[in-house]
1. For region 98-109, which positions are outside any helix (DSSP H, G or I) and touching a residue at least 24 places away in the same chain (Cβ under 8 Å)?
2. Could you tell me how many of the residues in region 287-299 are touching a Gly at 6+ places or on another chain (Cβ under 8 Å) and surrounded by 21 or more Cβ atoms within 10 Å (Cβ to Cβ)?
3. Hey, does region 130-146 have a residue that's part of a helix (DSSP H, G or I), in contact (Cβ under 8 Å) with a residue 60 or more places away in the chain and within 26 Å of Gly24 (Cβ to Cβ)?
4. Leu177 - would you say it is hydrophobic (A, V, I, L, M, F, W, C), open to solvent by 20 Å² or more (accessible area, probe 1.4 Å) and over 28 Å from Asn341 (Cβ atoms)?
5. How about region 311-337: which of its residues are over 27 Å from the mean Cα position of the chain (by Cα) and in contact (Cβ under 8 Å) with a residue 24 or more places away in the chain?
6. Quick check on my filter: what residues within region 151-200 are charged (D, E, K, R), closer than 30 Å to Arg29 by Cα and in a loop (DSSP other than H, G, I, E, B)?
7. Report the residue count in region 258-301 for those that are assigned to a loop (DSSP other than H, G, I, E, B) and in contact with a Lys or Arg (Cβ under 6 Å, 6 or more places away or on another chain).
8. Among the candidates Ala349, Ala358, which residue alone is of a type in the set (A, V, I, L, M, F, W, C), open to solvent by less than 30 Å² (accessible area, probe 1.4 Å) and more than 27 Å from Phe33 (Cβ to Cβ)?
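The values are calculated or read from the model by the stated rules, or taken from the named source; none is laboratory data. Remember, it's a predicted structure, so these values are computed and weren't measured experimentally. As a convention, Cβ positions derive from the backbone with ideal geometry for all residues, glycine included, and neighbour counts pool all protein chains shown. Ligands, DNA and RNA are stripped out before the accessible areas are found, and what is left, the full protein with its side chains, is counted by its heavy atoms. Shrake-Rupley method; radii C 1.70, N 1.55, O 1.52, S 1.80 Å.
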Amino acid sequence: MSDVSAVKAALKSQVIETPSWGYGNSGTRFKVFAQPGVPRDPFEKLADAAQVNAYTGVAPKVSLHIPWDRVEDYAALTRHAEELGLRIGAINSNVFQDDDFKLGSVTHPDPKVRRKAVDHLLECVDIMDATGSPDLKLWFSDGTNYPGQDDIAGRQDRLAEALAEVHDRLGDDQRMLLEYKLFEPAFYTTDVPDWGTAYAHCLKLGPKAQVVVDTGHHAPGTNIEFIVAFLLREGKLGAFDFNSRFYADDDLMAGAADPFQLFRIMHEVARNGGLKAETNVNFMLDQCHNIEAKIPAVIRSVTNVQEATAKALLIDVEALTAAQRSGDVLAANGVLMDAFNTDVRPLLAEVREELGLARDPFAAYLASGNQERIASDRVGGEQAGWGA
């Protein structure tokens with residue numbers, strides 16, 4: 001797409017979903033570091049998400065995590081979101097923190113534990129109904145640590161049975177997004193370890209089941225953009241969980257570790273129709289900000305995704321196609337590198353200005369005084385954090 005006006009239009013229509021848990025305290029298995037001004041409940045998490053949307057203009061959706069974001073009145077939470085100019089995005093289930101799930105949740109050998117896990121997933125669908133959320137996002141920590149611990153094929157049967165029950169409960173305008181992860185916390189086998197396993201289950205379930213690609217959930221050197229292109233081609237790419245990794249599932253800011261990889265991913269998205277509204281790919285962030293301030297970090301993540309998207313949209317597709325068809329390897333690579341090396345920050349500043357926003361959302365937020373206000377206002381109570 002070389003038409004600058006078309007590029008601007010695409011950037012203005014982009015929607016990036018932010019995670020409620022990204023605004024809470026988080027850390028590593030060694031320590032969770034508390035920060036002043038962190039939200040104390042889901043309502044305050046939405047208020048922080050509204051700040052990100054106010055300064056970027058492209059983040060009106062917020063993912064919730066259950067039970068971390070459980071409230072007594074979901075209608076009130078939804079109204080609060082709407083008053084802030086937001087809407088509820090994906091409902092994320094949690095079947096990995098209860099003691100009963102030590103040996104698995106939906107694939108646990110005990111049918112009583114499996115029933116408990118599935119009931120939680122069905123509760124999440126109820127919350128989707130109450131909030132207007134279109135997506136149920138599923139990630140399972142289920143797996144084994146030792147050879148012989150459990151029947152590998154049998155666990156796949158249990159997984160399929162649970163997914164089918166939950167899939168049947170979904171409404172006509174709802175879908176199931178199945179995430180995969182290479183390892184952790186299970187070390188010998190993971191029940192949904194890769195895109196192929198997730199794709200196979202979603203294919204069997206039907207059109208309301210699609211795959212989530214978390215950019216931190218792959219072995220080193222994995223060609224994530226190939227996975228993206230394949231799933232788009234098959235109509236099975238439902239969503240991204242954008243973050244960065246250096247070693248494992250580090251959950252760092254999107255585009256921080258390898259901006260070239262994020263650009264390559266967005267090139268495949270743009271080229272294969274993933275930015276079109278009818279394709280319905282959800283561009284979500286899944287990050288935990290352990291040592292950096294929460295709202296500024298989410299703003300930086302959003303702008304990093306915007307920059308990768310802008311560069312992908314500036315690729316001279318006609319020249320790229322001609323080089324590919326003629327077998328000119330260097331020319332084809334050069335077209336991509338020209339786009340990647342373009343400084344798109346002035347273009348994005350123009351886009352924001354045309355939307356009535358500050359040219360630099362990060363600097364504008366820091367200058368707003370909001371960070372200092374929430375630090376003084378949110379004193380007392382229990383801060384939200386990973387697991388709360």
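1. Leu103, Gly104, Ser105, Val106, Thr107, His108, Pro109
2. Looking only at that region, the number is 6.
3. yes
4. No, not satisfied.
5. If the condition is that a residue be over 27 Å from the mean Cα position of the chain (by Cα) and in contact (Cβ under 8 Å) with a residue 24 or more places away in the chain, then Asp316, Val317, Glu318 are the ones that fit.
6. Asp151, Lys181, Glu184, Asp191, Asp194
7. The number of residues fulfilling the criteria is 0.
8. Ala349
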